[in-house]
Each structure stands twice: as structure tokens, then as C-alpha cells.
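Beneath this line is the structure, given in C-alpha cells, with notes to follow.
The values are calculated or read from the model by the stated rules, or taken from the named source; none is laboratory data. Just so you know, these numbers come straight off a predicted model, no measurement behind them. For neighbour counting, all protein chains shown are included, and Cβ atoms are generated from backbone atoms with ideal geometry for every residue, glycine included. When the accessible area is computed, the model is the full protein with side chains, heavy atoms only, and any ligands, DNA or RNA have been set aside. Shrake-Rupley method; radii C 1.70, N 1.55, O 1.52, S 1.80 Å.
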Amino acid sequence: MSNIIIVGCGRVGSQLANMLSDAGNNVCCIDRSAEAFANLGRNFNGSTVQGIGFDEDALTRAGIEECDVLAAVTQYDNTNLMCAEVANRLFDVPHVIARLYNPGRERAYMQLGIDYVCGTSLVAEEMFSKVMSGHGSHITTFGECEVLEFSLKLSNGDGDALSAPRSIRVAELEHDHDVRIIAFERGDGSSSSIPTSESVLYDGDMVLACIRHDYIQHFEKFMQG
């Protein structure tokens with residue numbers, strides 16, 4: 001369990017706060033607007049502090065002296081940078097992360113040693129990868145292989161089975177189609193697992209798989225959509 005401060009309680013900050021809180025961490029959100037805390041919803045288990053994210057008093061009230069991680073995710077690069085610098089230099093927070101909008105500043109952030117996430121670059125890279133791969137299941141590329149995430153389809157539009165009735169063993173799927181199943185989640189979200197060769201996959205399961213580029217077209221019959 002970590003003590004985490006999030007500066008900025010907009011859509012990104014509030015979602016991050018809830019994710020970290022649900023994972024069992026102590027989370028405190030700082031925002032200059034008290035109205036922003038409504039974004040957290042009723043089930044948020046952390047605390048809030050109204051104030052400016054780089055103000056020492058606001059940070060102290062948020063528990064900066066026992067803070068393990070600070071994430072500055074406001075809508076302003078300069079504010080996020082100042083929050084990161086104050087947390088890093090004045091309070092020696094072990095891990096500081098800043099949200100970055102302008103990708104032109106990435107080099108400067110790296111030179112300053114600031115850990116950051118640039119949403120603009122991430123979205124552009126993800127869109128580029130999907131355009132180049134030619135399909136929406138693309139996750140990433142490794143040499144001649146694609147990592148894909150998709151809902152498994154074991155029946156055609158008329159309900160006729162493509163293989164064993166609405167289920168297939170991992171070994172069969174991998175051997176017959178030159179694919180490696182990395183992980184899967186049941187279609188109802190009830191469980192997830194790293195499979196063995198004897199694991200059974202069902203129609204509608206979410207699958208993470210690695211497959212060579214030149215085999216994707218042949219394998220697409222097993223991918224929903």
C-alpha cells in the first residue's frame with residue numbers, strides 16, 4: 001500500500017484516483033476548485049485538499065511528508081512541472097510523475113530527470129500503429145509479430161461452429177494456426193488466466209495473442225469484428 005497524491009481532479013485525475021484507491025492505496029487529491037472533487041464520485045475512499053498543487057501548505061495538508069508517489073495531472077504543463085519540481089526537490093518524494101501535453105517539451109523533461117506521460121504522443125503512436133497494422137485489435141509490434149487483443153469467435157453468423165462446439169483447446173488453436181495465446185479472460189469477466197496448452201477457450205472470451213504478420217489474415221475468422 002502506497003501513499004499517493006494526485007494534483008488535478010479532472011477526468012484523468014479522478015479516474016486515476018479511483019483506480020489507485022480501489023487497488024488499496026491511500027490517495028489524496030488536490031485541486032484548486034472544490035467543485036472538481038465531484039468527479040471522484042460517491043465511492044471514492046481517499047481524501048481531498050482544496051488548494052494549488054505546488055503550494056507547500058496544500059501539499060503538507062495532503063500528506064506530502066509521507067508521500068510515496070505524486071502524480072501531477074492538471075491541464076497545464078507549467079503547473080504540472082512546478083508540482084513535480086516542488087515534490088522532487090523540496091520534499092524528496094521518491095516517485096514523481098507529470099502529465100505532459102506538449103510533446104515538444106519531452107526532451108526537456110528527460111533532461112530534468114522528470115518521469116512523465118505525454119498523452120499526445122501516446123495517442124498519436126497508438127493511432128499510427130493501428131493504421132499501419134490495418135486492424136483494430138492491434139496492441140503492439142515485435143519484429144515480424146503482432147500482439148493482438150480480441151474477442152474470440154468460434155461460430156459464424158449463422159451459429160455454426162468453426163471448430164469444436166463453441167470451445168477450443170489452446171494447444172489446438174496454437175498448433176493449427178501458428179499463434180501463441182498469451183492470456184485470456186472469460187467473456188463474462190469472471191476470471192482471467194495465463195493459459196496452459198490444455199486450457200479451454202470459449203466463444204466470446206477476451207484473448208491476448210501473438211501472431212506473425214503473414215498469418216493474421218488467415219486467423220481473422222477467430223476475431224470478433
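The table that follows gives values for the structure above.
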{"quantity": "With all protein chains modelled, accessible area of THR141 [1.4 Å, Å²]", "calculated": "70 Å²"}
{"quantity": "Kirkwood Rh and Cα Rg combined as Rg/Rh, region 1-121", "calculated": "0.94"}
{"quantity": "Separation in nanometres of the label points that stand 7 Å from Cα toward Cβ, at GLU56 and ASP178", "calculated": "6.5 nm"}
{"quantity": "Estimated FRET transfer efficiency (THR196, SER2; beta-carbon r; R0 30 Å; 0.05)", "calculated": "0.35"}
{"quantity": "All-pairs alpha carbon distance profile, region 23-80, 5 Å steps from 0, percent", "calculated": "4, 17, 29, 28, 17, 4, 0"}
{"quantity": "Where HIS95, HIS177, HIS218 fall by accessible area, highest first, once all protein chains stay in place (1.4 Å)", "calculated": "HIS218, HIS95, HIS177"}
{"quantity": "The chain - Debye-derived log10 I(q)/I(0), Cα point model, q = 0.13, 0.14 Å⁻¹", "calculated": "-0.87, -0.92"}
{"quantity": "Selection from GLN111, SER33, SER151 lying farthest towards where the dipole of the chain points positive, charges on Cβ", "calculated": "SER33"}
{"quantity": "Accessible area (Å², 1.4 Å probe, nearest 10) - PHE91", "calculated": "50 Å²"}
{"quantity": "MET82 accessible area, 1.4 Å probe, all protein chains in place, Å² to nearest 10", "calculated": "90 Å²"}
{"quantity": "DSSP bridge orientation in the chain - percent antiparallel, rounded to nearest 5", "calculated": "55 percent"}
{"quantity": "Of the trypsin sites (Lys or Arg not before Pro) in region 29-89, those whose Cβ has at most 14 other Cβ within 10 Å and which sit in DSSP loop", "calculated": "ARG42"}
